[in-house]
Amino acid sequence: MAGEPFGRTRDGRAVARYALARGPLRAEIIDYGGILTRLDVPDRAGRIANVVLGFADFADYEARSPHFGAITGRYANRIAGGRFGLDGREYRLPVNDGPNTLHGGPDGFDKRVWRVEAAEEARLALHYRSRDGEEGFPGNLDVTVTYSLTADAALRIDYAAWTDRPTVLNLTNHSYFNLAGEGSGDVFGHEVEIAADGFTPTDATQIPTGAIAPVAGTPFDFRRPAALGARIREAVPQLALAKGYDHNFVLLGGRAALRPVATCLDPGSGRRMEVSTTEPGLQLYTGNNLDGTLAGPSRRLYRSGDAVCFETQGFPDAPNRPDFPSAVLRPGTCFESTTQYRFSVA
């Protein structure tokens, strides 16, 4: 299956868009950043809506996207001070989030054109080779990410990676979900449940302090379904620092077989999303930095709280936290990870 032209990068590389369809779902993905640009899902009445934020034009993805729908790496989330130690050597990275490195740096995987390995009706496989030293990370890294639509109405993302030198790795997809439909307003009425007894509090630059705090008795307790907006305005320091939710939840079971870890329901449309993953962490982010300057395909402006991200991942700053689950990948070992977003109606 051939992709359709979606624009060109500033340096002249062609970007293509691929459409996947199976059952009630339809997805569109571009080979730049492996970005999920559209995901059409029916509501309880059968009405179709795109449930992810994005742009109508490629130029906006290249110039000013806050990682909409992208594969993020080589290290998703933050690394403190733009540096980490591995096997007795310190590696320095470009910083792009205050004093820290965020999502692999200013030219991370979301800014790269990926090679299409397979394009089928309901499956797209993308490959990228990250060269030794790219954005400061050691080792040549080969990454394959496969998007597929499943028979049970899920978008499944499989990650695999190999390296020729010891390195650190953390991969995720950074889709911004609004189950009421892109451009429909805030998601504070979405009801969320997360299988986590703890989360990792952060400092003023949103780097984990190293503690794992219990969610019980806090606005971070989603062990039972709760509306995202029910406690987001509570005067607690962690919410104030992040301007909402932007925290890593410590999932029950750690790094494990694929299992459900979160659900999200929009009561108005009835759309329900179940998140499953093999990863030990989940970053819940409520689009706090959307400031009304970006417009989506609906031509409506995006504001803080207009979407929610469920970024399945290893822990932020794990390369500097030996007590966190290891993010080290060594030669001869294959990194494998799977995340699935399954849709139904209530």
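The values are calculated or read from the model by the stated rules, or taken from the named source; none is laboratory data. For clarity, every value in this text was computed on a predicted model and none was experimentally measured. Note that we place each Cβ from the backbone using ideal geometry, even for glycine, and neighbour counts take in every protein chain shown.
Things to note:
- Among residues of the stretch 306-346, those that are within 30 Å of Leu294 (Cα to Cα) and either modelled with pLDDT under 95 or under 18 Å from the mean Cα position of the chain (by Cα) (or both), counted: 17
- Ala257 meets the conditions (1) over 18 Å from Gln313 (Cα atoms); (2) in a loop (DSSP other than H, G, I, E, B) in every case but one. The failed one is (1).
- Sub-6 Å Cβ pairs linking a first residue in the stretch 116-142 that is more than 30 Å from Asp40 (Cβ to Cβ) to a second residue that is β-branched (Val, Ile, Thr), at least 6 apart or interchain, are Phe137/Thr167; Pro138/Thr167; Gly139/Thr163; Gly139/Thr167; Leu141/Thr163, ordered by first then second residue.
- Test: residue in the stretch 267-275 that is at pLDDT 95 or above and assigned to a helix (DSSP H, G or I): no
- When residues in the stretch 84-115 are screened for being touching a residue at least 60 places away in the same chain (Cβ under 8 Å), touching a helix residue (DSSP H, G or I) at 6+ places or on another chain (Cβ under 8 Å) and surrounded by fewer than 23 Cβ atoms within 10 Å (Cβ to Cβ), 5 of them pass.
- Residue within the stretch 16-35 that is surrounded by fewer than 24 Cβ atoms within 10 Å (Cβ to Cβ) and in a helix (DSSP H, G or I) present: no
- Test for Asp203: is it farther than 21 Å from Thr263 by Cβ, of a type in the set (Asp, Glu) and at pLDDT 95 or above: yes
Residues checked against (1) over 23 Å from Ala346 (Cβ atoms); (2) under 15 Å from the mean Cα position of the chain (by Cα); (3) surrounded by fewer than 22 Cβ atoms within 10 Å (Cβ to Cβ):
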| site | (1), (2), (3) |
| --- | --- |
| Gly217 | yes, no, yes |
| Leu228 | no, no, yes |
| Val236 | yes, no, yes |
| His247 | yes, yes, no |
| Thr277 | no, yes, no |
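- Those residues of the stretch 36-52 which are in a loop (DSSP other than H, G, I, E, B) and touching a strand residue (DSSP E or B) at 6+ places or on another chain (Cβ under 6 Å), in sequence order: Asp43, Arg44, Val51
- Taking the listed residues Gly305, Gly287, the one that is in a loop (DSSP other than H, G, I, E, B) and in contact with a Cys (Cβ under 9 Å, 6 or more places away or on another chain) is Gly287, with no other qualifying.
- Residue check, Thr339 among the β-branched types (Val, Ile, Thr), within 24 Å of Ala256 (Cβ to Cβ) and assigned to a strand (DSSP E or B): yes
- Residue within the stretch 64-83 that is closer than 30 Å to Ala151 by Cβ and in a strand (DSSP E or B) present: yes
- Some residue of the stretch 254-262 being small (Gly, Ala, Ser) and under 24 Å from Arg44 (Cα atoms): yes
- Among residues of the stretch 314-343, those that are surrounded by 14 or more Cβ atoms within 10 Å (Cβ to Cβ) and either aliphatic (A, V, I, L, M) or at positive phi (or both), counted: 5
- Across the stretch 279-311, the qualifying residues are those that are among the charged types (D, E, K, R), crowded, with 22+ Cβ neighbours inside 10 Å and in contact with a strand residue (DSSP E or B) (Cβ under 7 Å, 6 or more places away or on another chain), and the one among them that is farthest from Asp197 (Cα to Cα) is Glu311.
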